[in-house]
Amino acid sequence: MKMVALYDIHGNLPALDAVLKEVEQEHPDLILVGGDIVPGPMPRSALERLLALGDTIHSIRGNCEREVVAAFDGLPPRPGMSEAVSECMRWTAKQLERSQRDFLAQLPELAAFTVDGLGEVLFCHGSPRSDEEMMTAATPEERLRPMLAGVRQRVVVCGHTHMQFDRPIDGMRIVNAGSVGMPYGDAGAYWLLLGPEIRLRRTLYDLEDAAAQIRASDYPQAQEFAENNVLKPETEAEAIALFESMAQRAQNS
């Protein structure tokens, strides 16, 4: 088994198309889509692109799939969600067909596959116990260990924080696939190739053209997405500092 892991696409169709062109050259047995396909500027097109791949893909749920499905169903946003984020969830939900909503609603939280050279690999979105928990390259081990309690696989692939890393802990290996559509750090589209080794991949694509397509969409945060998520993303250091601060506050609350 040779696999590819694509995480956090966030409706960035130009980035997804660029990655899939490179993925084709690798001839994987399976493409694992690790959640947060949406929201984003081109959610319907991105979903259609993935669903057209048929049995080649296996998808799991991210926290954003839950929120978009809730918005589609007319449920109130979760407590603490900003109005800007809520607006993006509602807009995204309105772009989707019922069949696409149903696809997102039935996605599992976790998946495990045996990969050549790696053994059984566990795929989650945030952490094995929560699609919202954040694991970064700087997360203290004492905070990581409870998230990994009970996990029998020696390799865990995650996403959610949009930054690639590969770090050991207690004989395990935690690997973040990075983000296809909304990375932090150097601009580009990030993904993983698994089997027999793990290779952290970054695909370069026409950022200016992608930004122009995004600005032309009706997405509520199109301009911000184009500037801050495609052309000039925040640095990894800035993102890690923010996420670790948020995680610490959540732990202390």
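The values are calculated or read from the model by the stated rules, or taken from the named source; none is laboratory data. What you are looking at is a predicted structure, and each value in this text was computed from that prediction instead of being measured. Don't worry about glycine lacking a Cβ; one is built from the backbone with ideal geometry, like all the others, and counts go over all protein chains shown. Accessible surface areas use protein heavy atoms only, side chains included; no ligands, DNA or RNA. Shrake-Rupley method; radii C 1.70, N 1.55, O 1.52, S 1.80 Å.
Brief remarks follow.
- Listed conditions (1) within 24 Å of ALA46 (Cβ to Cβ); (2) open to solvent by less than 30 Å² (accessible area, probe 1.4 Å) are all met by GLN164, apart from (2).
- Options GLU109, GLU133; residue that is surrounded by fewer than 22 Cβ atoms within 10 Å (Cβ to Cβ), within 17 Å of the chain's Cα centre (by Cα) and not in a helix (DSSP H, G or I): GLU109
Quick grid of which residues meet (1) in contact with a helix residue (DSSP H, G or I) (Cβ under 9 Å, 6 or more places away or on another chain); (2) crowded, with 24+ Cβ neighbours inside 10 Å; (3) outside any loop (DSSP other than H, G, I, E, B):
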| site | (1), (2), (3) |
| --- | --- |
| ASP17 | yes, no, yes |
| GLU22 | no, no, yes |
| GLN25 | no, no, yes |
| PRO28 | yes, no, no |
| ARG49 | yes, no, yes |
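- Residue within the range 31-45 that is out of contact with any His (no Cβ under 6 Å at 6 or more places or on another chain) and part of a strand (DSSP E or B) present: yes
- The range 207-218 residues that are at negative phi, paired with ones that are open to solvent by 30 Å² or more (accessible area, probe 1.4 Å) (beta carbon under 7 Å, 6 or more apart): LEU207/LEU231; ALA211/LEU231; ARG215/GLN223
- The condition of being over 14 Å from the mean Cα position of the chain (by Cα) and either within 22 Å of LEU122 (Cα to Cα) or touching a residue at least 12 places away in the same chain (Cβ under 8 Å) (or both) holds for only one of LEU51, LEU6, LEU47, LEU75, that being LEU51.
- Elements of the type helices (runs of 4 or more DSSP H) sitting completely within the range 172-253 and holding at least 1 residues that are crowded, with 17+ Cβ neighbours inside 10 Å and of a type in the set (Val, Ile, Thr): these cover 207-215, 236-252.
- Unmet criterion (only one of (1) open to solvent by less than 60 Å² (accessible area, probe 1.4 Å); (2) under 30 Å from ARG152 (Cβ atoms); (3) more than 18 Å from the chain's Cα centre (by Cα); (4) of a type in the set (Gly, Ala, Ser)) for GLY117: (1)
- When residues of the range 64-100 are limited to those that are more than 18 Å from SER130 (Cα to Cα) and outside any helix (DSSP H, G or I), the one least open to solvent (accessible area, probe 1.4 Å): LEU96
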